[in-house]
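**Q** Sending over a structure as structure tokens; questions will come in a sec.
The values are calculated or read from the model by the stated rules, or taken from the named source; none is laboratory data. All values reported here derive from a predicted model rather than from experimental measurement. Every residue, glycine among them, receives a Cβ derived from its backbone with ideal geometry; neighbour counts consider all protein chains shown.
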Amino acid sequence: MGRATTIRFLATLLLLVGAACALAAPAVPPLIARVNDQAGMLSPGARQQLEGMLADLERSDSTQIAVLTIDSLDGAVLEEFSLKVAETWKIGQKGKDNGALLLIVKNDRKLRIETGYGLEGRLTDLQAGRIIRDVIRPHFRDGDFDGGTLAGVTAMIAAVRGEYQAEEQSTSVRGHSQDDIFGLGVFLAFALFTMVRVTGRWPKVSAVLGAILAPVVGTMFLGFTWLMLLAMIAIGLVGGFLFALIFGGMRFGGVSSGGFSGGGFSSGDSGFSGGGGGFGGGGSSGDW
Amino acid sequence: MPRILATLLFLLTLTTLGGCGYNELQTKEEAVFKAWGDVEATLQRRGDLIPNLVETVKGYAAHEAQTLEAVISARAKATAVTINPKDLGNAEAMARFQEAQGGLSSALGRLMVVAERYPDLKANQSFLDLQTQLEGTENRINVARQRYNTMVEEFNAAIRLFPANLTNKFLLNLQRKEYFKAEEEAKQAPKVKF
């Protein structure tokens, strides 16, 4: 096979894979900004104005609203696609679920407001339906996408405003809750204490026991991953040995264990990202 | 020494039970119950909309009494047939529940088709609002149903996988849960006959 043939073969393969992907339901576009104008329906000025309004809203109320325009649904169901986008982007703050999405499908002439759990009290299905019907639709029918989107987002902001207040930016701790960590600490302390009493005189036995118990306990509390398992075996092995050496000879009443503290990842403040809000199919759909 | 051995054995039992899915199965069953609660809440929400809807339609289309009556009786039936979370594994109880809710869905579908014939009704603000709410609720039901089915799928798989299946067989005896299927009628758009 000559070089040209190889290249042609590879190109064909790439094209085929691409075509196969294109046939499936539209993929959820990446979240780049508050206003994701994939279909090119908005003017740069309107986009900037929307960005500003929505950023203000998040600053004052912590509520996140995102706008997405796409060309076509490619046969997918509007409501399903909209929920998929909202769930992928996780708009709204974690725990408050105060996110909403305005989805506009250009060629299908359909739109939907998807409301997060936490906003359902104010931006009700009814409100969302009225915004679509009475605020956005008249503009869109005249081909005024800038005006319709601006008026619609303004109405959405007015509806959700005041439901939540922004709080001080707290560093979000990913991973397990405090309860889990505490439980793990207590359990480890108990297990180690027993281990030390039994095996104080034989550090090697203690090390082996540690290597067995630590991964098992780790799996129970932190869930199963191979990396964690290996790490726990190593920790248990060394820990068991050291404990036996250090405390084995002593007579003591209790052992305090340091336990594990979850590492804190503070998310960087670059660009826009969803805060982890949840959605349950609230909102309303319409067309123009 | 025997006391210490017993303590060790106790600890070992605790840890191995955790490894065999004892905790995991309970968590997964609880997730199924919670998801079912959401399904029931959304169905309840739909039921609550119906009296207003019927009143509004009656104002414009009083002589569609038969269709209206069908909706009212379907709602009454749907409210009467409930299912205890303990019976989520009972195929018969689930089928009855689905039939009652499906009956309400199709009665509502017919009502909406009828409403299409009354331009005044279609332009009425409170009818439009009710229609919006009904659509919203139907969508929520759909979402809650799908989430419930996902949880059921996870749970049903979990109780069959080794070694959790042994834990379940000898200790927990949790039952397989039934799916909440979409009604065949609801999936098809209602046909308009002239």
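**Q** Among the listed residues A:282, A:236, A:275, A:240, identify the single one that is within 14 Å of another protein chain (Cβ to nearest Cβ), in contact with a Lys or Arg (Cβ under 7 Å, 6 or more places away or on another chain) and modelled with pLDDT of 70 or more. If you could, list the steps in order and put the result at the bottom.
**A** Working: A:236 fails: in contact with a Lys or Arg (Cβ under 7 Å, 6 or more places away or on another chain); A:275 fails: within 14 Å of another protein chain (Cβ to nearest Cβ); A:240 fails: in contact with a Lys or Arg (Cβ under 7 Å, 6 or more places away or on another chain).
Step by step, each of A:282, A:236, A:275, A:240 is checked, and only A:282 is within 14 Å of another protein chain (Cβ to nearest Cβ), in contact with a Lys or Arg (Cβ under 7 Å, 6 or more places away or on another chain) and modelled with pLDDT of 70 or more.
**Q** Scanning for something in a helix (DSSP H, G or I), of a type in the set (Val, Ile, Thr) and in contact (Cβ under 8 Å) with a residue 60 or more places away in the chain, does the stretch B:20-31 turn up at least one residue?
**A** The answer is no; no qualifying residue exists.
**Q** Would you confirm, using the coordinates I've provided, whether residue B:67 is of a type outside the set (Lys, Arg) and closer than 26 Å to residue A:282 by Cβ?
**A** Values: of a type outside the set (Lys, Arg): yes; closer than 26 Å to residue A:282 by Cβ: no.
In short, no.
**Q** Here's another thing I want to ask about it. Quick one: which residue in B:101, B:146 is away from chain A (no Cβ under 14 Å), within 13 Å of the chain's Cα centre (by Cα) and under 30 Å from residue A:129 (Cα atoms)? Steps first, please.
**A** Numbers: B:146 fails: away from chain A (no Cβ under 14 Å).
None of the other options fit; the residue is B:101.
Yes/no per residue for (1) farther than 23 Å from residue A:282 by Cα; (2) touching a strand residue (DSSP E or B) at 6+ places or on another chain (Cβ under 7 Å); (3) at pLDDT below 90; (4) of a type outside the set (Phe, Trp, Tyr):
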site	(1), (2), (3), (4)
B:151	no, no, no, yes
B:161	yes, no, yes, yes
B:182	no, no, yes, yes
B:187	no, no, yes, yes
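**Q** Something else: Those residues that are surrounded by fewer than 17 Cβ atoms within 10 Å (Cβ to Cβ), of a type in the set (D, E, K, R) and closer than 19 Å to residue A:276 by Cβ, I need them from the stretch A:55-83; list them, please. Can you show your working first?
**A** From the stretch A:55-83, those surrounded by fewer than 17 Cβ atoms within 10 Å (Cβ to Cβ) are A:55-56, A:59-60, A:71-72, A:74-77, A:80; that's our starting set.
If we keep only those that are of a type in the set (D, E, K, R) too, we end up with A:56, A:59, A:71, A:74, A:80.
Within the stretch A:55-83, just A:59 meets the criteria.
**Q** Residues to consider are B:100, B:31, B:35; find the one that is crowded, with 16+ Cβ neighbours inside 10 Å and closer than 30 Å to residue A:229 by Cα. Let's see the steps before the verdict.
**A** Values: B:100 fails: closer than 30 Å to residue A:229 by Cα; B:35 fails: closer than 30 Å to residue A:229 by Cα.
Answer to the check: B:31.
**Q** Which of the residues that make up the stretch B:110-119 are under 22 Å from residue A:132 (Cβ atoms), touching a residue at least 12 places away in the same chain (Cβ under 8 Å) and surrounded by fewer than 19 Cβ atoms within 10 Å (Cβ to Cβ)? Before the answer, list the steps.
**A** At the first step, the residues of the stretch B:110-119 found to be under 22 Å from residue A:132 (Cβ atoms) are B:112, B:115-116, B:119.
Restricting the remaining residues to those that are touching a residue at least 12 places away in the same chain (Cβ under 8 Å) gives B:112, B:115-116.
Selection gives B:112, B:116.
**Q** Within the stretch B:152-175, track down each residue that is in a helix (DSSP H, G or I) and within 14 Å of chain A (Cβ to nearest Cβ). Give the steps one after another, and end with the answer.
**A** Keep residues of the stretch B:152-175 that are in a helix (DSSP H, G or I), which gives B:152-158, B:164-172.
Those that are in a helix (DSSP H, G or I) and within 14 Å of chain A (Cβ to nearest Cβ): B:158, B:164, B:167.
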